[in-house]
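Peer 1: Would you mind keeping the following structure in view while I ask a few things?
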Amino acid sequence: MSQKRWGIRGVAFGSLVVGLLLVGGAIAVWSLSSVEHVAAGAERTTLVIDTDFDKFRQIMVRKNATGSILALSGMTLVDEQLEDLRLDASQDRRPLLNAILGKSATDLSAVKQIKVKLDDPELDADILVLQQQVDIRADSMSAVTQAKRPAGKLEAYETSLLATRDGNHTKVELALKMKVRVQVPKVFVARADEKVRQAAREAILGQAQALEAFISEHQGERLVLPELK
């Protein structure tokens, strides 16, 4: 009788083990199955540049900063086209003289289309088309750059720059958002998210370094002349 009871228990225990193995196998198969996932990353940083805002604005307007800033973001400038330009000098009594002196009070708004070459082979795309909206005021400057459409695995890309007068310095706030479509096993989804967040961190730090280097390159010029294309 005891042997029979243990035999029944043995069969039940064996069935339980088999059941657990089947469940464990099913979980393993599920976790390793490949899924399409959109990983997102967003980063921001603030820096204070040792240049007064008037000089900063003059450099940014007269020298083409776009290529230099994009270079350290894993992109290469291919083409840049001005789509719209609006000037408002109603608050500037001496627009020409103030422009020469680097004290312009003229408001400027511009829209540009920018084409860049992506230097990351993992994105499966060569060219990214961006639209940039720039607004420049007497004490502030903003630029928002967005991808007009997805490119390869890059589903979305947006950067923003806000520069404001800060005494004899210029305060700059940078932000970046990006989304990348990936095909990964379910178990590696969190790792894919972290990889994209890390890419966003590296890109925004690169932008900050490029901006500081760009301003430093030109801030010693007494007369900042426009670049000729």
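Peer 1: Against the condition touching a residue at least 40 places away in the same chain (Cβ under 8 Å), open to solvent by less than 70 Å² (accessible area, probe 1.4 Å) and touching a Leu at 6+ places or on another chain (Cβ under 8 Å), how does G152 come out, does it pass?
Peer 2: Working: touching a residue at least 40 places away in the same chain (Cβ under 8 Å): no; open to solvent by less than 70 Å² (accessible area, probe 1.4 Å): yes; touching a Leu at 6+ places or on another chain (Cβ under 8 Å): yes.
Against the criterion (touching a residue at least 40 places away in the same chain (Cβ under 8 Å), open to solvent by less than 70 Å² (accessible area, probe 1.4 Å) and touching a Leu at 6+ places or on another chain (Cβ under 8 Å)), G152 does not qualify.
Peer 1: Further question on the same structure: Just one of the numbered conditions (1) at pLDDT 85 or above; (2) open to solvent by less than 60 Å² (accessible area, probe 1.4 Å); (3) closer than 26 Å to V144 by Cβ is not true of A192; which one?
Peer 2: (3)
Peer 1: State all residues of the stretch 134-149 that are part of a strand (DSSP E or B) and open to solvent by less than 70 Å² (accessible area, probe 1.4 Å); if no residue qualifies, say none.
Peer 2: Kept after step one, since they are part of a strand (DSSP E or B), are these residues of the stretch 134-149: 134-136, 140-147.
Scanning the stretch 134-149 gives V134, D135, I136, S140, M141, S142, A143, V144, T145, A147.
Peer 1: Hey, another quick one. So which of A192, A210, A163, A200 is farther than 30 Å from T51 by Cα and not in a loop (DSSP other than H, G, I, E, B)? Steps first, please.
Peer 2: On the way: A210 fails: farther than 30 Å from T51 by Cα; A163 fails: farther than 30 Å from T51 by Cα; A200 fails: farther than 30 Å from T51 by Cα.
On inspection, the qualifying residue turns out to be A192.
Peer 1: Separate question: Give all pairs with beta carbons closer than 6 Å in which a residue from the stretch 211-222 that is open to solvent by 60 Å² or more (accessible area, probe 1.4 Å) meets a residue that is assigned to a loop (DSSP other than H, G, I, E, B); count only pairs at least 6 apart in sequence or on separate chains.
Peer 2: Q219/T51
Peer 1: Restricting attention to the stretch 177-189, which residues are aliphatic (A, V, I, L, M), modelled with pLDDT of 90 or more and under 12 Å from E36 (Cα atoms)?
Peer 2: Applying the first criterion (aliphatic (A, V, I, L, M)) to the stretch 177-189 yields 178, 180, 182, 184, 187, 189.
This time we only want the ones that are modelled with pLDDT of 90 or more, so: 178, 180.
Passing the criteria: only V180.
The values are calculated or read from the model by the stated rules, or taken from the named source; none is laboratory data. On a predicted model such as this, the values are computed, not experimentally measured, just so you know. Every residue, glycine among them, receives a Cβ derived from its backbone with ideal geometry; neighbour counts consider all protein chains shown. Note: areas computed on protein heavy atoms with side chains; ligands, DNA, RNA excluded. Shrake-Rupley method; radii C 1.70, N 1.55, O 1.52, S 1.80 Å.
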